[in-house]
Amino acid sequence: MYPFFRLYKDMYFARRASRMGLLDTHVSHHRCMPWDLDMWMELNNGRTLTIYDLGRIPMAERSGLLDVLKQQRWGLTIAGSVVRYRRRVRMFDKVRMLSRVTGWDHRFVYLEQSMWKDGECTSHAVYRSAITDSKGIVTTDRIMHAMQQDVASPELPEWIKAWITAEDKRPWPPMLDAAN
């Protein structure tokens, strides 16, 4: 089940926190609960992605994006992600999460998030996110205009550019040879 109560708690505090700039880093803290565990008694990899939501959504609130989404009747979606797992997170471990916008192109906003425990990074995720309306993807220049932001995207790191290039080469729809 989606952690709605945790999200409500995080949103409560995000609404009371100071506004953050579009390129600032949002810091949040989370605890691995028994229902977050897999059969190896560690944070489940799918649940990790769900807990990352608990950093991204409050970050969107603090940056003013959620207000714009409501005003414009736009939606927010994840169009792609890549995750690296490096350290185990066990029951009741507390993690510090860092969430930030890395940059954008004409269609997508790229975000990165990391979880830290005892000074070590446990996982790192990069997302390609999109804002949508009834006609499809909203261009980032429209988003920036609606947010009253007059800022250019920082140059994306080479490793994110390489991931974008790899994603562009990935066949879609996938696995057609196996589907027949």
**Request:** Quick one: count up the residues across the stretch 1-29 that are touching a Ser or Thr at 6+ places or on another chain (Cβ under 7 Å) and assigned to a helix (DSSP H, G or I).
**Result:** 1
**Request:** Taking the options Val126, Val138, Val83, Val109, name whichever one is buried (at least 21 other Cβ atoms within 10 Å of the Cβ) and touching a residue at least 24 places away in the same chain (Cβ under 8 Å).
**Result:** Val109
**Request:** Can you work out which of the residues in the stretch 90-106 that are in contact with a Lys or Arg (Cβ under 6 Å, 6 or more places away or on another chain) and open to solvent by less than 40 Å² (accessible area, probe 1.4 Å) is nearest to Ser63 (Cα to Cα)?
**Result:** Ser99
**Asked** Take the residues of the stretch 30-61 that are assigned to a helix (DSSP H, G or I) and in contact with a helix residue (DSSP H, G or I) (Cβ under 6 Å, 6 or more places away or on another chain): which is surrounded by the most Cβ atoms within 10 Å (Cβ to Cβ)?
**Response** Pro58
**Request:** Scan the stretch 23-35 and report the pairs whose first residue is touching a residue at least 24 places away in the same chain (Cβ under 8 Å) and whose second residue is in a loop (DSSP other than H, G, I, E, B) and small (Gly, Ala, Ser), with Cβ atoms within less than 8 Å and a gap of 6+ or a chain change.
**Result:** none
**Asked** Just a yes or no: is a residue in the stretch 97-116 more than 19 Å from Thr77 (Cβ to Cβ), in a loop (DSSP other than H, G, I, E, B), out of contact with any Phe, Trp or Tyr (no Cβ under 7 Å at 6 or more places or on another chain) and not polar (S, T, N, Q)?
**Response** no
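The values are calculated or read from the model by the stated rules, or taken from the named source; none is laboratory data. In this text, all values refer to a predicted model and were calculated from it rather than measured experimentally. FYI the Cβ positions are ideal-geometry reconstructions off the backbone, even for glycines, and counts take in every protein chain you see. Calculation scope for accessible area: heavy atoms of the full protein, side chains included, ligands and nucleic acids excluded. Shrake-Rupley method; radii C 1.70, N 1.55, O 1.52, S 1.80 Å.
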